[in-house]
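Some notes on the structure that comes next.
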Amino acid sequence: MNTTSPTADLRGLFNPRSVAVIGASSTPGKWGFEYARQLLLGKSRRDIYLVNHKGGVVLESETYTSVQSLPVAPELAVICVPAAQVRSALDQVLDVGARYVVCVTAGFKEAGKEGGQLENEMRELVRAAGARLVGPNCVGLYDAAADFACTGFWTLPPGDIGIISQSGSVMLGLGRSLQRLDLGLSRAVSVGNQADLSVADFIESFALDPHTKIITAYIEEFRDGRRLFEAVEHSRSLGKDVILLAPQAGEAVGRSVASHTGSMISNEDILASVCAELDVVRVRGMGDLLLAIRGGKAPTRARSRRVAVVSDGGGTATLGADAAVAADLEVPAFSAGLIKALREISPKSPGIANPVDLVGVAFNLGAFQTALQAIASSGEVDSVLLTGDFDNAAGTIEGERVVAANIRDICSQSGMALSIATPLTAEPAMIAFTEYRVPVFDFAEEAARCLELGRHRSPVSTLIKSKNSSIFARDTDYIGSRSALADAGVAFSKALYAEDADRAAAAAESIGYPVVLKALGNLHKSDSGAVILGIPDEATLRAKVADLDKKLRPAGFSVEEMVTARDAIELLIGGVRDPAFGPTVVVAAGGTKTEVWRDRVVALAPIDEKTALRLLNSLRIAPLFAGFRGSSRINIQSVARSVVAMSEFVAQHSNVAEVEINPLIVGPENCVAVDARIVLSE
């Protein structure tokens with residue numbers, strides 16, 4: 001990714017030399033007034049020009065009656081006029097040479113077809129002029145280091161957290177929540193309708209900002225999901241944390257869903273799978289977003305999910321361990337050596353194998369120091385969930401603060417993350433922990449979730465750049481689909497096309513009995529009885545051809561070898577070109593009941609063999625692959641190669657909407673596809 005591209009390098013947008021407010025107003029509460037007020041606070045850093053067609057004075061500043069009358073072309077123009085006047089204002093600011101435009105006004109794509117057409121025209125005008133547009137329907141942007149508040153109603157302390165939001169209210173609300181936590185912003189932007197600049201563009205830009213350490217993005221609509229995740233990967237390669245706040249993604253719009261694959265995969269499936277595969281922090285609510293930020297700002301972050309739960313009582317220890325497991329953390333049993341060390345520290349403790357119940361030291365946080373030191377020295381965990389009623393740590397306020405500092409140092413020096421749950425959050429030690437950025441909560445559920453969301457991320461794979469896609473121009477009937485996927489690298493059973501009973505008999509003789517007979521032309525052949533298995537001889541074959549011809553009037557027949565394999569498993573492999581995420585590959589439990597089992601995983605295509613194996617082994621039926629109760633181990637490597645071939649096929653053909661093989665029959669030696677379907681986009 002070119003980090004010096006005009007998209008990524010938006011320094012002029014966040015620190016412009018000059019700004020013009022088009023539609024400046026003298027009426028408090030109007031956008032034209034509030035934007036002018038905020039921008040004028042930074043007038044020592046840049047020139048601020050106010051444009052009002054009536055002229056006069058706004059906020060003690062003389063206004064200009066037109067854009068053309070400005071003394072210089074503004075680097076940034078903020079459009080605050082009614083929707084009917086936006087096009088004229090945009091023409092004017094582009095004519096004088098503005099490089100960036102922020103359109104606050106609503107009433108475009110979100111208002112209907114005409115508004116959408118006007119929004120498209122705005123985008124084309126801006127791009128033709130070599131400029132960039134934020135919005136429309138947004139609440140602007142903010143840069144603390146540049147003293148630039150191009151938004152209304154708020155002023156926030158500086159910090160190192162960046163906010164990118166499709167919702168202005170979410171951006172403003174998150175900013176205020178961070179302020180209550182004594183955290184500040186480096187940058188913020190409300191992207192609005194994303195007519196031009198998108199969430200992905202701003203993730204790239206924030207990644208280049210030296211003042212931004214944590215990038216948060218609120219996303220309601222995924223337009224180019226692949227590019228967004230490419231931007232996330234790039235940002236993390238530059239050492240920036242990225243947190244996605246994304247409510248449940250809806251179903252894809254415009255997908256044909258003609259196959260099992262298309263009907264069983266939603267945008268939410270894709271989003272959840274990609275976040276898991278790339279280990280991207282994705283939360284679905286503001287509460288979890290704040291937990292993730294607090295975990296990321298903690299003095300130490302866990303390297304993995306292993307946690308020690310340490311408490312002052314059996315009940316709180318049990319609840320803490322349960323909260324850790326619910327948060328997808330691991331509570332490993334301690335080694336014999338660590339158990340022995342803890343037993344010497346607390347001989348009366350009934351449980352110290354993890355969770356740890358340090359009975360007899362309730363209300364005395366100082367007594368936990370030695371136990372935490374032993375746990376830290378063992379290297380057996382990467383984080384500690386400390387829970388209980390901690391009081392009277394050292395008898396004095398200063399003594400409690402010293403104990404808190406000691407515990408913080410024990411954890412930090414050993415690389416262990418620390419999160420605390422206690423009802424006594426107002427105690428001096430807890431206040432000290434909070435000042436040190438150690439997360440302190442009322443409940444273990446929050447403390448555990450904070451550890452998981454704040455840990456260092458370890459992607460299990462990376463996105464593979466797709467080759468230039470072409471148009472698939474071959475036949476997509478059943479025989480054509482089989483041929484195309486066989487050419488792509490998937491092994492198929494023998495099959496011959498037959499127009500009538502005589503040709504079917506000749507085909508069966510060539511293949512060898514028993515055979516399978518399929519009536520062609522029906523989308524879901526098994527649903528209508530168009531598939532007959534295990535035909536033993538010519539007489540039976542001819543009778544079945546006549547029967548299917550009478551019932552279904554098919555376009556023809558496919559005569560195929562009868563595939564049987566000892567201990568075989570039926571799988572589905574397929575792909576969908578999703579409107580929001582592009583080409584994807586799907587692996588699922590197959591057969592006629594695939595939509596009932598709904599055991600499937602999905603990834604952005606193409607993928608490599610290592611990723612294919614990981615997808616296969618994440619299925620619920622994966623224990624069957626290694627052999628179960630005497631059954632044979634299947635040829636999983638051959639399945640992985642077929643999945644890779646499928647992923648490359650869907651990625652390489654831009655007009656393939658869906659593709660599916662179901663079933664793929666997999667045994668100890670062979671991996672053979674016996675059915676195929678390709679659906680082209682309209």
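Working from the Cα coordinates of the stretch 11-134, the gyration tensor eigenvalues give, after taking √(5λ), semi-axes of 23, 17, 13 Å in decreasing order. Translational diffusion of the chain was estimated from the Stokes-Einstein equation, with Rh taken as the Kirkwood radius over Cα pairs; at 20 °C and 1.002 mPa s the coefficient is 74 µm²/s.
Computed across the stretch 396-457, the Kirkwood hydrodynamic radius from all distinct Cα-Cα pairs reaches 11.9 Å.
FRET efficiency for the pair K550 and E221, taken as 1/(1 + (r/R0)^6) with r the Cβ-Cβ distance and R0 = 51 Å, rounds to 0.50. The order of H211, H53, going from fewest to most other C-beta atoms within 10 Å of their C-beta, is H53, H211. Within the shell defined by Cβ-Cβ distances under 10 Å, the residues around S205 carry a net charge of -2, with Lys and Arg each +1 and Asp and Glu each -1. With unit charges on the beta carbons (Lys and Arg positive, Asp and Glu negative) and the dipole taken about the Cα centre of the chain, which residue among A129, G529, V307 sits farthest to the positive side? The Cα lying farthest towards the positive end belongs to A129. In plain terms, the residue of E330, E648 with the fewest other Cβ atoms within 10 Å comes first and the most crowded comes last, giving E330, E648. Rounded to the nearest 20, the Cβ-based charge dipole of the stretch 494-561 about its Cα centre (Lys and Arg +1, Asp and Glu -1) stands at 260 debye. Beta bridges from DSSP with both residues in the chain: antiparallel share about 45 percent, rounded to the nearest 5. Rounded to whole numbers, the Karplus 3J(HN,Hα) couplings from phi for the stretch 380-390 are 8, 9, 10, 7, 10, 9, 9, 9, x, 9, 9 Hz, using 6.51 cos²θ - 1.76 cosθ + 1.60 with θ = phi - 60°, and x at Gly and Pro. Spin-label model, K467 to A506: label points 7 Å out along the Cα-to-beta-carbon direction sit 3.7 nm apart. Given +1 at the Cβ of Lys and Arg, -1 at the Cβ of Asp and Glu and no other charges, the dipole of the chain around its Cα centre is 560 debye to the nearest 20. Computed from point charges on the beta carbon alone (+1 for Lys and Arg, -1 for Asp and Glu), the dipole magnitude for the stretch 11-134 about its Cα centre is near 360 Debye. The spread of Cα positions in the stretch 494-561, taken along each principal axis and listed from longest to shortest, comes to 26, 19, 17 Å. Scanning residues 5 or more positions from L245 or on other chains, those with amide H under 5 Å from its amide H are A217, Y218, I219, V283, with H placed 1.01 Å from N in the peptide plane. The mean of 1/r over all distinct Cα pairs in the stretch 300-454, once inverted, gives the Kirkwood hydrodynamic radius of 14.8 Å. Ranking A276, L178, I163 by how far each Cα lies toward the positive end of the dipole of the stretch 141-295 (charges on Cβ) leaves L178 at the top. Answer with one residue from T396, I375, S419: the one whose Cα lies farthest towards the positive end of the charge dipole of the stretch 300-454, charges on Cβ with Lys, Arg +1 and Asp, Glu -1. About the Cα centre, the residue reaching furthest to the positive side is I375.
When E75, E499 are sorted by how many other C-beta atoms sit within 10 angstrom of their C-beta, beginning with the fewest, the order is E499, E75. Scalar couplings 3J(HN,Hα) for the stretch 226-243, obtained by applying the Karplus form with A = 6.51, B = -1.76, C = 1.60 to θ = phi - 60°, are 5, 5, 4, 6, 5, 5, 4, 4, 5, 4, 5, 5, 8, x, 9, 7, 10, 10 Hz; x denotes Gly and Pro. In order along the stretch 546-553, the Karplus-derived 3J(HN,Hα) couplings, from 6.51 cos²θ - 1.76 cosθ + 1.60 at θ = phi - 60°, round to 4, 5, 5, 4, 6, 7, 10, 6 Hz, and Gly and Pro are given as x. Between S177 and E344, how high is the FRET efficiency from 1/(1 + (r/R0)^6) when r is the Cβ-Cβ distance and R₀ = 35 Å? Nearest 0.05. The formula returns an efficiency of 0.20 here.
No value in this document is a laboratory result; all are computed from the given coordinates. This structure is a prediction, so every number in the text was calculated from the model and none was measured. In this analysis, Cβ positions are derived from the backbone assuming ideal geometry, glycine residues included, and neighbour counts consider all displayed protein chains.
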